[in-house]
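Data block below; observations after.
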Amino acid sequence: MKSKNSDFARGLPQGALAARIFFFCGPDEAGATAAANRLAAAFPDAGERVELAGADLKRDPALLGDEARSTSLFGGARHIWVRASGDDAHDALQFLIETAEAGAGAAAPVIVVATSATDKSRTAKLLEKRQDALVAMFHPPELKDVVQAVRDMASAAGLRLGGDLAERIARGAGLDVRLAQSEVTKLALYCDADPQAPRAATPEDHAAIGAATEEDGFAPLVNAVLGGELGKIAGEIKRMRELGLNPVGVALALERRAAQLAQIAAYLGPRGNFDQIDKGAEMRLGIFFKEKRDIGNQFKRWTLPAARGSGETRLDRLIPRLTALHRSLLANSQSAELLLAQELAEIARFAAKR
């Protein structure tokens, strides 16, 4: 089966829960992840979530089948969540399908969120005609779509948003529905809102919870780290603490930029030149005028070989590292700020290498 992001705007596509393998791809990694979370929450018996990295599956394709057919520690249900880049999960999914057809037995549902992959990729072609699989392509959302999503989130949390507050939240989150959900959740807690006891929220309430926008919060830090600007890192980390920026939010901002760089790399191909991207392509790739210089510098740094003679680029190593960082921050919330600062310094040093 094949779907698109608009099919997930208000829920799940018809028949989605009948599938057992889900491949969510496209340039909007935030939208793909949000849809995957909505899907997992809708499973009749989601059970334990087991996270795997696409790079690990690429090295060991049999790992996916082993995990999908294993029982959880306490004997309950489980589902497999794979964060991949491109076609990293292709061989593992093919092995899972072939072993199932050979009688290996039922497997847990598998959700793959693949950055820098499209519905024309090998993995998508492997799955799109299967009745037990769903392929969905996610494009960057329009502002109006995210505003409506924010209103839906607020309604579910018992919040009534006045004026242009929904649009302010959408813009402040950089059209990332995950960050928008985080803002709505914080706002609902601040206003003591509940679906059974709705409360009105004002722009003053939003200002009180210290919401930082992408432009004045995350962007300078992202640019310093991915641009290898070592002299700025200490100051940016200090500013991050002073502003109270959420460590997971910073990690998400880095993931979004890495996904954007991967999308640009896929568009240009191995011999493409960033400086020759036309205005129309810049708009499609989300390269805004004031960010173009920074993105161009980062693109040139992160598309270099990861090591001398390596077939991998630095970007190939960055994406799974950011995914691992995200998981680590979620699992170690009390020390998240320190973990993030250490990792930002490491990534910046890697970016600065000649």
Residues of the stretch 290-321 being open to solvent by 60 Å² or more (accessible area, probe 1.4 Å) and within 19 Å of the chain's Cα centre (by Cα), which ones?
ASP316, ARG317, ARG321
Close pairs from the stretch 300-315: first without any contact (Cβ under 8 Å) to a residue 24 or more places away in the chain, partner surrounded by 12 or more Cβ atoms within 10 Å (Cβ to Cβ) and not in a helix (DSSP H, G or I), Cβ under 9 Å, at least 6 apart:
LEU304/THR313; PRO305/THR313; ALA306/THR313; GLY311/PRO305; GLU312/PRO305; GLU312/ALA306
Matching residues, the stretch 97-141, being in contact (Cβ under 8 Å) with a residue 40 or more places away in the chain, over 18 Å from HIS79 (Cα atoms) and part of a loop (DSSP other than H, G, I, E, B)
SER116, ALA117, THR118, ASP119, SER121, GLU128, ARG130, GLN131, PHE138, HIS139, PRO140, PRO141
The number of residues in the stretch 332-350 that are over 14 Å from ARG317 (Cβ atoms) and open to solvent by 70 Å² or more (accessible area, probe 1.4 Å) is 5
Consider LEU329 against the criteria (1) closer than 26 Å to LYS120 by Cα; (2) open to solvent by less than 70 Å² (accessible area, probe 1.4 Å): it satisfies all of them except one. Which criterion is unmet?
(1)
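Please note which strands (runs of 3 or more DSSP E) are completely contained in the stretch 1-62 and include at least 2 residues that are closer than 27 Å to LEU318 by Cα and touching a residue at least 60 places away in the same chain (Cβ under 8 Å).
The qualifying strands (runs of 3 or more DSSP E) are 21-25, 48-53.
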Considering only the stretch 239-256, how many residues are part of a helix (DSSP H, G or I) and closer than 17 Å to ALA180 by Cα?
10
Of everything in the stretch 1-43, what is at pLDDT 85 or above and charged (D, E, K, R)? Give them in sequence order.
LYS2, ARG20, ARG38
Checking ARG171 against (1) open to solvent by less than 40 Å² (accessible area, probe 1.4 Å); (2) more than 17 Å from the chain's Cα centre (by Cα): exactly one of these is not met. Which one?
(1)
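Taking the stretch 12-31 as the region of interest, how many residues are within 19 Å of ASP132 (Cα to Cα) and either open to solvent by 10 Å² or more (accessible area, probe 1.4 Å) or among the aliphatic types (A, V, I, L, M) (or both)?
The total comes to 10.
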Just a yes or no: is a residue in the stretch 321-343 of a type in the set (D, E, K, R), free of Cβ contacts under 8 Å to residues at least 60 places away in the same chain, in a helix (DSSP H, G or I) and closer than 18 Å to GLN260 by Cα?
yes
So if I check each of LYS290, LYS232, which one is among the basic types (Lys, Arg) and over 25 Å from LYS353 (Cβ atoms)?
LYS290
Only residues that are open to solvent by less than 30 Å² (accessible area, probe 1.4 Å) and of a type outside the set (Val, Ile, Thr): list them for the stretch 89-105, please.
ALA89, HIS90, ALA92, LEU93, LEU96
Restricting attention to the stretch 279-293, does a residue exist that is part of a helix (DSSP H, G or I), of a type in the set (Phe, Trp, Tyr) and out of contact with any Asp or Glu (no Cβ under 9 Å at 6 or more places or on another chain)?
no
Flag for ASP91 being part of a loop (DSSP other than H, G, I, E, B), in contact (Cβ under 8 Å) with a residue 12 or more places away in the chain, within 24 Å of the chain's Cα centre (by Cα) and on the phi < 0 side of the Ramachandran plot
no
Scan the stretch 249-275 residue by residue and report those that are more than 24 Å from VAL113 (Cα to Cα) and modelled with pLDDT under 85.
ARG271, GLY272
Pick from the stretch 227-242, criterion over 24 Å from the mean Cα position of the chain (by Cα) and among the aliphatic types (A, V, I, L, M), ranking: nearest to LEU304 (Cα to Cα)
LEU230
Could you list, in sequence order, all residues of the stretch 52-84 that are loosely packed, with under 13 Cβ neighbours inside 10 Å and at pLDDT below 90?
THR71, LEU73, PHE74, GLY75, GLY76
Do you know which residues across the stretch 39-91 are charged (D, E, K, R), closer than 26 Å to ALA117 by Cα and touching a strand residue (DSSP E or B) at 6+ places or on another chain (Cβ under 7 Å)?
ARG49, GLU51, GLU67, ARG78, ARG83
Could you tell me which of the residues ASP152, ASP164, ASP176, ASP132 is open to solvent by 40 Å² or more (accessible area, probe 1.4 Å), closer than 24 Å to GLY31 by Cβ, among the acidic types (Asp, Glu) and modelled with pLDDT under 85?
ASP164
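The values are calculated or read from the model by the stated rules, or taken from the named source; none is laboratory data. Keep in mind that what you see is a predicted model, and the values were worked out from it rather than measured. Don't worry about glycine lacking a Cβ; one is built from the backbone with ideal geometry, like all the others, and counts go over all protein chains shown. Accessible surface areas use protein heavy atoms only, side chains included; no ligands, DNA or RNA. Shrake-Rupley method; radii C 1.70, N 1.55, O 1.52, S 1.80 Å.
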